[in-house]
């Protein structure tokens, strides 16, 4: 049976959501690549939340992951509700492109570019500006070089991961 | 259960430890918001003093808090330097191309450094004195008003508890899978970015299947024990307000009062 259809009851869905949130938190602790361009794996959790739970519960799951992560590991840089919003909008954008749709390259490219522009460059820079009073342009300068490289790597990872999870079958 | 240390909680018995986690979470959030009231050297000095008093009240060693700031010290310096070179206004001391050092830039860089550090320090006070499960309970309490607008707070609370419970288990599982794949010859630290990106799937898929199977088993176990949502359920950990929460509230009100008096209007 397909992984998406195997969850029969509401309770199973909620517990699976909790497990994916836990996965997102753990993946957020890992990264790969050279020290100059470290790619964190937390985005895979956002993609899985979006792919399996859609825009509503995927968004809620994203918010929960930020809250639980700050409870467990303590947010580096301090807790700020803006970053919780960031954690919610990421899965929302991915869900609009990936939930209940076949895995297509253009969907992955479009969603990743939108997440990069709206969430990583736009919202996160705005939160840094609001939270620490940083000059918006200075914060952008600090962020832009990384954001020019990482999305392309993320697209490859998302494609590989979604191709794999969409084929997962479990015998029960 | 996992042997890894989850959370930064350090056991203790000081005034801050005796506070209700809901009070601590609320005061932490309010303190972070209050930092925005500071806008001159006097108000920054007042809020720094209050932050250090909160640190002293935890009864923990300064090293604990230094460890909270240490991983971010480079980022804080870099951010402050960017402010220093990009901010314009006031007396200009040095200028080259788009960079300049002005009196406004210097003051702003110092403010950002202080603000950044204070937010990290006060968050550390919260996380080192409160157990993750207590923080989760406090978050659930904070979310309760959303019930009025039909937000499924009970379901959200269930998801929070499941996530908190399974982070250590899945963390162990991830390390086990990584070691298993390494013993089969997988190399996660070699090759270009794309090769390393592709190496993630052999870790993620077993982890994903394990999570899915656990979700199915756990829900079957819960349903067979008569789980019917949060309706009528009692709490194992009961939260109680204490006089220490009142003391911290008075402390916070005093801080806000002083900031309102001394800030530049």
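Every number here is computed from the coordinates shown, using simple stated rules; none is lab data. These numbers come from a predicted model, not from an experiment. Glycine gets a Cβ as well: all are built from the backbone with ideal geometry, and neighbour counts include every protein chain shown.
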Span per principal axis, largest first, for the Cα atoms of the protein assembly as shown (Å):
69, 57, 43
Summing -39500 (n - 2.57) over the DSSP H runs of n ≥ 4 in chain A and dividing by its residue number, what mean residue ellipticity at 222 nm do you reach, to the nearest 500 deg cm²/dmol?
-23000 deg cm²/dmol
For region B:64-157, what does the alpha-carbon gyration tensor say about shape, rounded, prolate or oblate, given a ≥ b ≥ c as the root eigenvalues, a/c under 1.5 as rounded, and a/b over b/c as prolate?
prolate
Point-to-point label distance, residue B:176-residue A:10, nm (Cα→Cβ direction, 7 Å offset)
3.3 nm
Averaged over residues of A:161-168, the number of beta carbons from other chains lying within 10 Å of each residue's Cβ is 3
The alpha-carbon pair-distance distribution computed for chain B, with 10 angstrom bins and whole-percent values, is 6, 19, 23, 23, 18, 8, 1, 0
How well do other chains shield peptide B:28-39, expressed as the mean number of their Cβ atoms within 10 Å of each residue Cβ?
2
At each listed q (0.09, 0.12, 0.15, 0.23 Å⁻¹), what is the log10 of I(q)/I(0) that the Debye formula gives for region B:124-239 modelled as equal alpha-carbon point scatterers?
-0.41, -0.67, -0.89, -1.29
Where a label projected 7 Å from the Cα of residue B:13 along Cα→Cβ would reach, residues of region B:245-259 with amide N under 20 Å:
B:245
What order, most packed first, do the peptides A:21-33, A:58-70 have when packing is the mean number of other Cβ atoms within 10 Å of each residue?
A:58-70, A:21-33
On alpha carbon coordinates alone, what is the Rg over Rh value for region B:87-130, Rh being the Kirkwood radius?
1.29
Averaging sequence separations of C-alpha pairs under 8 Å and six or more residues apart, then dividing by the length of chain A, give the relative contact order as a whole percent.
24 percent
Rg(Cα) / (2.2 N^0.38 Å) computed for region B:1-133, rounded to two decimals
1.26
If eta is 0.692 mPa s and T is 37 °C, what Stokes-Einstein diffusion coefficient results for chain A, Kirkwood Rh from Cα pairs, in µm²/s?
198 µm²/s
Linear extension gain, residue B:264 paired with residue B:95, 0.36 nm per residue minus alpha-carbon span:
57.9 nm
Shielding of B:83-91 by partners, i.e. mean partner chain Cβ atoms within 10 Å per residue?
3
